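A short write-up of the structure that comes next.
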Amino acid sequence: MAAPPDMELSPSLSLELLPTDPLLLILSFLDYRDLVSCCYLNRRLNQLSSHDPLWKRHCKKYWLISDEEKSRRSEGWRSIFISTYRDLGRYIHYYATLKKAWDDLEQYLGQWCPRMIGSLKESVREEDLDAVEAQIHCKLPDDYRCSFRIHNGQKLVVPGLMGSMALSNHYRSEDLLDIDTAAGGFQQRLGLKQCLPLTFCIHTGLSQYMALESVEGRNKYEIFYQCPDQMARSPSAIVMFITGTSYLEWFTSYVNKVVTGGYPIIRDQIFRYVHDKDCVATTEDITVSVSTSFLPELSSVHPPHYFFTYRIRIEMSKDALPENACQLESRYWRITNAKGDVEEVQGPGVVGEFPVISPGKVYEYTSCTTFSTTSGYMEGYYTFHCLYNKDRFFNVTIPRFHMVCPTFKVSTA
């Protein structure tokens, strides 16, 4: 059908006729892959997609390049993106997350644990990681490789980057292994086939392992503490306490705990005590708070023996009157396991001490308990007597605190 004589067909819209600013605005919303694709469509889009400010967002998003770093490098944004991609392109989905975690951790350590900064190693090259894969005949996950392109773990020193734990007769401090040391500890024996150590404690020999293949009941890239099955006939029967489902999740969740104050800094070390913010009780001028930790190296699934340590902080308000100073006389505990079995414990002092608490003063101590079930809780009270009125005794509530064993997998042997 012919068009009506009064209707004129408008000429087809040409890309060449569109003004530059709207096109640049449209291109600014594209991901880097689409922006690269535009280079191959026609000459004009090739010119527009090379517009340097378009690449600033991608440099910041994927490589965390700041304006200051860009100025130091004396390169354009597009040039920086391309050169970085050539080096780290296979890690583009991991790099920003891991780089931020490392940057946050370094900043935090610089403020609270400065001597630990000196133990961190410089990055490794791609060919170093390729050589390790050839040595162990197994592929390393890209998130693990990416982390080592930023920092090659740390030197074997104390304290370890991955946290410490101390009791009266037990000490653990885990280093993040460098790539060569990790490769040297790669396991092919039954029970730990194709498992790579991520951490190592000089004092206990304890490691956290990452499974590089789905064998012996493990999921690929699962991270765990090994625990021998003491009731199995085979020495290769290994139970796993799971600590992560991937390197990215394992490392970044740990760093987040550290930099947000979730783990306390004690004597220039990171201690892996977990504090529940609701686990606080105040009686008169005295506040009691509790943090806990599970110790896999002292635990077993068969037989069931789950070892926990807890750290208690007792503090008197700085606004309390001086005559409210008091001394801890005794303790009472009510301990309940997951089956509902109850044990009561009462005795003098705490860990052999009778601390004096006065306005603004803090007393902290650590102790431990075991359960035959995977979880349990404790609660109780301390009995204090006043120093200025020795006939006055009063009880201070210890809030209920729960202890739960991490997820574990039983050996398939």
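The values are calculated or read from the model by the stated rules, or taken from the named source; none is laboratory data. Being a predicted model, the structure only gives us computed values, none of them experimental. Every residue, glycine among them, receives a Cβ derived from its backbone with ideal geometry; neighbour counts consider all protein chains shown. To get the accessible areas, we keep the full protein, side chains included, count just its heavy atoms, and leave off ligands, DNA and RNA. Shrake-Rupley method; radii C 1.70, N 1.55, O 1.52, S 1.80 Å.
Right, Thr374: assigned by the TED database to the domain that holds Lys277, within 15 Å of Thr336 (Cα to Cα) and in contact with a Cys (Cβ under 8 Å, 6 or more places away or on another chain) or not?
yes
Being part of a strand (DSSP E or B), over 20 Å from Glu364 (Cβ atoms) and polar (S, T, N, Q) narrows it down to one residue among Gln230, Gln226; which is it?
Working: Gln230 fails: part of a strand (DSSP E or B).
Testing whether each residue is part of a strand (DSSP E or B), over 20 Å from Glu364 (Cβ atoms) and polar (S, T, N, Q) leaves just Gln226.
Looking at region 282-293 only, could you name the residues that are over 17 Å from Thr336 (Cβ atoms) and part of a strand (DSSP E or B)? It would help to see each step written out before you state the result.
Let us first name the residues in region 282-293 that are over 17 Å from Thr336 (Cβ atoms), namely 282-289, 291, 293.
Residues satisfying the conditions are Thr282, Thr283, Ile286, Thr287, Val288, Ser289, Ser291, Ser293.
Rundown of residues vs (1) of a type outside the set (Lys, Arg); (2) in contact (Cβ under 8 Å) with a residue 24 or more places away in the chain; (3) under 15 Å from Ile270 (Cα atoms); (4) assigned by the TED database to the domain that holds Asp31, yes/no style:
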{"residue": "Trp102", "(1), (2), (3), (4)": "yes, yes, no, no"}
{"residue": "Leu105", "(1), (2), (3), (4)": "yes, yes, yes, no"}
{"residue": "Gly110", "(1), (2), (3), (4)": "yes, no, yes, no"}
{"residue": "Cys113", "(1), (2), (3), (4)": "yes, yes, yes, no"}
{"residue": "Ile117", "(1), (2), (3), (4)": "yes, no, yes, no"}
{"residue": "Glu122", "(1), (2), (3), (4)": "yes, yes, no, no"}
{"residue": "Glu127", "(1), (2), (3), (4)": "yes, no, no, no"}
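Could you list all residues from region 175-221 that are closer than 16 Å to Thr243 by Cα, open to solvent by 40 Å² or more (accessible area, probe 1.4 Å) and under 22 Å from the mean Cα position of the chain (by Cα)?
Correct list: Phe200, Asn219, Lys220, Tyr221.
If Ser317 meets every condition in (1) within 20 Å of Arg400 (Cα to Cα); (2) open to solvent by 30 Å² or more (accessible area, probe 1.4 Å); (3) in contact with an Asp or Glu (Cβ under 8 Å, 6 or more places away or on another chain) apart from one, which number is that one?
That leaves (1) as the condition not met.
Which ones in region 318-359 are under 27 Å from Ser293 (Cβ atoms) and assigned to a loop (DSSP other than H, G, I, E, B)? Steps first, please.
Taking region 318-359 as the starting set, the residues that turn out to be under 27 Å from Ser293 (Cβ atoms) are 328, 330-355, 357.
Listed by number, the residues that qualify are Ala338, Lys339, Gly340, Asp341, Gly349, Val351, Gly352, Phe354, Pro355.
Within region 360-396, track down each residue that is in a strand (DSSP E or B), among the β-branched types (Val, Ile, Thr) and under 32 Å from the mean Cα position of the chain (by Cα).
Restricting attention to region 360-396, the residues satisfying the condition of being in a strand (DSSP E or B) are 362-371, 375-386, 393-396.
Filter once more, so that each one left must be among the β-branched types (Val, Ile, Thr): 362, 366, 369-370, 383, 396.
Val362, Thr366, Thr369, Thr370, listed by residue number.
I'd like to know if region 142-153 contains one or more residues that are of a type in the set (Ser, Thr, Tyr) and open to solvent by 50 Å² or more (accessible area, probe 1.4 Å). Break it down into steps so the answer makes sense when it comes.
Keep residues of region 142-153 that are of a type in the set (Ser, Thr, Tyr), which gives 144, 147.
After this cut, where a residue has to be open to solvent by 50 Å² or more (accessible area, probe 1.4 Å) as well, the list is none.
No.
Residues checked against (1) at pLDDT 85 or above; (2) in a helix (DSSP H, G or I):
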residue	(1), (2)
Ala2	no, no
Pro5	no, no
Pro22	no, yes
Leu30	yes, no
